[in-house]
Each structure stands twice: as structure tokens, then as C-alpha cells.
Amino acid sequence: MARVLGVSRTRVNQLARADLIPFETDIRGIRRYRRSQVEVVANARMVRWHHQDQQA
């Protein structure tokens, strides 16, 4: 999911711990992400950053 979001794996873990990206935890405690949900987050981040660049 780091590649989809354009961030590091460490940053993905930070975002998940902060409940800023949706995930489910399986029986073993491994986080599972739905690509379609993460793509929505990635698109929103891209729009936000693009919008901030235009205002600067």
C-alpha cells in the first residue's frame, strides 16, 4: 500500500495507527488493506497537496 499512497512502509504504519487509512486486522494481527479504499485516500491526498500548491 505504500506504493499506492506514494509513501514509505513506515508512514503507512503511522497512518494506520492514527486511523487515517482504513484497514482490518486478521487473526494473526496482520493489517489488511482494501486497495480500492486506499486508492480513495491516495486520490484525496493528491488533490489536497495539489490544491495547497496552487494556493502558495
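Just so it is clear, none of the values below were taken in a lab; they were calculated from the coordinates. Computed from a predicted structure; not experimentally measured. Backbone-built Cβ (ideal geometry, glycine too); neighbour counts: all protein chains shown.
Say a paramagnetic label sat at a point 7 Å from the Cα of THR25, along Cα to Cβ; which residues of the range 1-17 have their backbone N under 16 Å from it?
13-17
Report the local net charge at LEU20: Lys and Arg +1, Asp and Glu -1, summed over other residues whose C-beta lies under 11 Å from its C-beta.
Residues close to LEU20 contribute a combined charge of +2.
Averaging sequence separations of C-alpha pairs under 8 Å and six or more residues apart, then dividing by the length of the chain, give the relative contact order as a whole percent.
31 percent
So how many Å³ per residue does the convex hull of the Cα atoms of the chain work out to?
With only Cα atoms used, the chain gives 80 Å³ per residue.
Once the Cα atoms of helix 35-55 and of the chain are each reduced to a long axis, what angle between those two axes, in degrees from 0 to 90 to the nearest 10, is obtained?
20 degrees
Multiplying the sequence separation of ARG32 and ASN13 by 0.36 nm and subtracting their Cα-Cα distance, what value in nm do you get?
Contour length minus the Cα-Cα distance gives 5.7 nm.
Quick one: ILE21, ILE30, fewest Cβ neighbours within 10 Å first, how do they rank?
Ranked by crowding around the Cβ, least crowded first: ILE30, ILE21.
Among ILE27, VAL41, VAL7, whose Cα sits farthest toward the positive end of the charge dipole of the range 2-55 (+1 at Cβ of Lys/Arg, -1 at Cβ of Asp/Glu, about the Cα centre)?
So the residue furthest toward the plus end is ILE27.
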